[in-house]
Amino acid sequence: MIYIFGTKVAHLKNGISKAEVCPACKTEDQMILGLFNDYFHIFWIPVFPMAKSGVLTCRHCNHTSELSEASLMKKDEFGDFGNKTRPPIWQFAGLILVGLFIFSLWMKSFQNHQMDLDYIASPQKTDRYSYKTDEGYFSLLTVKQVSRDSVFVSPHQYETEKKIGLRQLSKKGEYVDWTYGISREDLKKMFEDDKIFDVKRW
């Protein structure tokens, strides 16, 4: 069976206990404290670390015991030892990947916005604007002519209630056969106010 997500245990560090006697052979100063932690994974990719745990092993007789069997002094020692030990960076791999993915999306959005700004500042014939109507619908404008201070556009014959519907409208290419002018200042303001929210240049 393939598990999409779950937890695994990883060894973090070993330390020599100075406050424990082996319960099996009674040898002093031979107990090794093994520090472990669980980490959550998705498709075997570590996402984030979870709780820490400890195991005591005697170097003299190899007796192993859980930390729950140790003395209070030993548990305090484990607490100090555990607090000073940080999980390795690879256990955050999933969070790092998600962060990089979000950052790449943000960069792509930023670059697209800058490109749209350039297109709005220097409009060209056949540019296509996705815009929101005053009634709250979405439609398209295609640039038919550009003058020194104005842009002349033809609106699409149809509107859609959702932005995703603009994909279908763009395939139809059914624009009216008349144009109207928008000053370059008004065009810039429409973009700043998100009335025009996407520009395509062919």
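The values are calculated or read from the model by the stated rules, or taken from the named source; none is laboratory data. Just so we're clear, the structure is a prediction, and the values are computed from it rather than from any experiment. So basically every Cβ, Gly included, is an ideal-geometry build from the backbone, and we count neighbours across all protein chains shown. Protein only, heavy atoms only, side chains kept; ligands, DNA and RNA dropped before computing areas. Shrake-Rupley method; radii C 1.70, N 1.55, O 1.52, S 1.80 Å.
Observations
- Remark: region 98-202 carries a charge dipole of roughly 440 debye about the Cα centre, counting +1 on each Lys and Arg Cβ and -1 on each Asp and Glu Cβ.
- The label point for Val21 and the one for Asp194, both projected 7 Å from the Cα toward the Cβ, are 7.2 nm apart.
- Cut-off of 10 Å, at most 15 other beta carbons, DSSP loop: longest stretch of the chain lacking such GluC sites (Glu not before Pro): 1-134
- Across the chain, the relative contact order, built from alpha-carbon pairs under 8 Å that are at least six residues apart, equals 14 percent.
- Accessible solvent surface per residue of region 105-202, calculated while the other protein chains remain in place, 1.4 angstrom probe, Å²: 67
- Charging the Cβ of each Asp and Glu at -1 and of each Lys and Arg at +1, and nothing else, the dipole of the chain about its Cα centre rounds to 540 debye.
- Rounded to whole Hz, the Karplus (6.51, -1.76, 1.60) HN-Hα couplings of region 107-122, x for glycine and proline: 5, 5, 5, 5, 5, 5, 5, 5, 5, 4, 4, 5, 5, 5, 6, 9
- Of Gly94, Gly54, Gly165, the residue with the greatest mean-square motion in the GNM of the chain, using alpha carbon springs below 10 Å, is Gly165.
- Over all pairs of different C-alpha atoms in region 135-201, the reciprocal of the mean inverse distance, the Kirkwood hydrodynamic radius, equals 12.6 Å.
- Cross-link pairs beyond the 24 Å C-alpha cut-off, checked among Lys108/Lys144; Lys162/Lys189; Lys132/Lys171; Lys144/Lys200: Lys108/Lys144
- Helical runs assigned H by DSSP (4 residues or longer) give the chain a calculated mean residue ellipticity at 222 nm of -9000 deg cm²/dmol, each run adding -39500 (n - 2.57) before division by the residue total.
- Extents of the chain, taken as max minus min of Cα coordinates on every principal axis and listed largest first, are 97, 38, 28 Å.
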